[in-house]
Structures are given as C-alpha cells and as structure tokens.
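Heads up, the thing below is written out as structure tokens.
Just so it is clear, none of the values below were taken in a lab; they were calculated from the coordinates. Small disclaimer: the values here were computed from a predicted structure and weren't measured. Positions of Cβ are backbone-derived with ideal geometry, glycine not excepted, and every protein chain shown enters the neighbour counts.
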Amino acid sequence: MSDLPVPVVVDPETGGWSVDGQPMILIPRHYYVFIQMEMEKRFGIAATAELFHTAAARAARLWCEREALSHGLAGVEVFCHYLKRLTERGYGRFAVEAVDARAGRAAIRLEHSCYALEYGAGAKRRTCYAFGGMFIGAMEYLAAAAGLAEPRLMAEETQCRAEGAACCRFEVRPA
C-alpha cells in the first residue's frame, strides 16, 4: 500500500477501517456522488439539499468533537483541521479564506470538488451544496465548545465549478 495522507488502521479481525479512531469506509467517488444524483431525480434538488444539510451538519459536529478530543485541538484550529481532513480524504482541496467563530462567519474555497468533477461543467448549476451542512456543523461545534449560544447559521455555495467557475466558494453566516 502506498503512503496515505491520513493514518488508516485496518482491524485484522473485522476488516473495518478507522482514521484517528473514527470508523471509515472507502468508496469510489462516483458512487458517493451518484447517491446525490439519484436522490435529486427522485426527491428534487431542494429536498436532497435539505437532507444532506441535516445529515452533514450532524456528522461534522460529531467529527469535530471527536477530533478535538483525539488531537487536543481547540477553537478555529478544529475547523481548519476538519477541512484539512476532508481534503486528505478526497472530497476536494479546501482552503479557509476567513473564519470568525464568534460571528458565525466563514469563507471557504474549494478546488477539485468531488461533486463538481462528477457532475461536470455541463451541469450548469451549483452541485456541491452538501458541503454547506458540513461547514455549519463544524461552526456550530466551535460555538458550543466555546460556551457560546448556538447560532442559527446558513451556508451558501456562491459559485461552483459545475456551473463554469474556476472553483467552488462557500460563505457561512448567521441565518
């Protein structure tokens, strides 16, 4: 096996994978994205976006909580670590352009999004909305960990490679 950017542990008894003590699975990118595509066909884009938002926010919050404990991280470094791990796991190349946990604001650039690559530029629309829930969950974790009142946040994909932009961009802000 070649060197991986994350420390993968494979349980010899169960075959289960873990990274930093968190259970993981390895699936093809197209499979992951095809789930979203099929859901859009069956339920519509708005319902799919809502479902991904809820699930992704919940998962991101739990991941941040576990990673903060596992690595002794606090504050904005948890958010940055989360995006680093998303990059290392193949979702795309994330860069934090700005983050203010107290204000509930963040700006994120994403190059090589797994969604935009699978949908292609022919989609002519924003396809990476699932990441918005991830950013909200991570920001909610930061607020809770700092003892702040949990903000109601929204995340917006302001541009997407699948609609012809050079990269995807997201803004997180109070709702």
*Report the label-to-label distance for residue 71 and residue 93 in nanometres (one decimal), using points 7 Å from each Cα along the Cα→Cβ vector.*
1.9 nm
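Can you give the net charge of the other residues whose Cβ lies under 12 Å from the Cβ of residue 165, counting K and R as +1 and D and E as -1?
Working: positive: 109, 124, 125, 126, 161, 169; negative: 111, 157, 163.
Neighbour charge sum, excluding residue 165 itself: +3.
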*Kirkwood Rh and Cα Rg combined as Rg/Rh, the stretch 31-119*: 1.00
*Put +1 on the Cβ of each Lys and Arg and -1 on the Cβ of each Asp and Glu in the chain; which of 71, 147, 16 then has its Cα farthest toward the positive end of the dipole?*
147
*Volume in Å³ per residue [convex hull over Cα atoms, computed for the chain]*: 124 Å³
*From zero up to wherever the largest Cα-Cα distance of the stretch 75-128 sits, split into 5 Å bins and tell me the percent of pairs in each.*
4, 19, 25, 20, 16, 11, 4, 1
_Mean separation of Cα contacts under 8 Å, 6 or more apart, over the residue count of the stretch 93-172: relative contact order %_ = 36 percent
*Tell me, what ³J(HN,Hα) does each residue in the stretch 156-161 have, in order and in whole Hz, if you take phi through Karplus 6.51 cos²θ - 1.76 cosθ + 1.60 with θ = phi - 60° and put x for Gly and Pro?*
10, 7, 8, 7, 9, 4
*Calculate the dipole size of the chain relative to its Cα centre from +1 charges on Lys and Arg beta carbons and -1 charges on Asp and Glu beta carbons; express the result in debye to the nearest 20.*
520 debye
*In what sequence, highest mean first, do 149-159, 7-17 appear when ranked by Cβ atoms within 10 angstrom?*
149-159, 7-17
*Ranked highest first by the average count of other Cβ atoms within 10 Å around their residues, in what order do 47-54, 119-126, 165-172 fall?*
165-172, 47-54, 119-126
*Net charge, residue 23 excluded, C-beta distance under 12 Å - Lys, Arg +1, Asp, Glu -1*: -1
*Which whole-number percent is the relative contact order of the chain (Cα, under 8 Å, 6+ apart)?*
21 percent
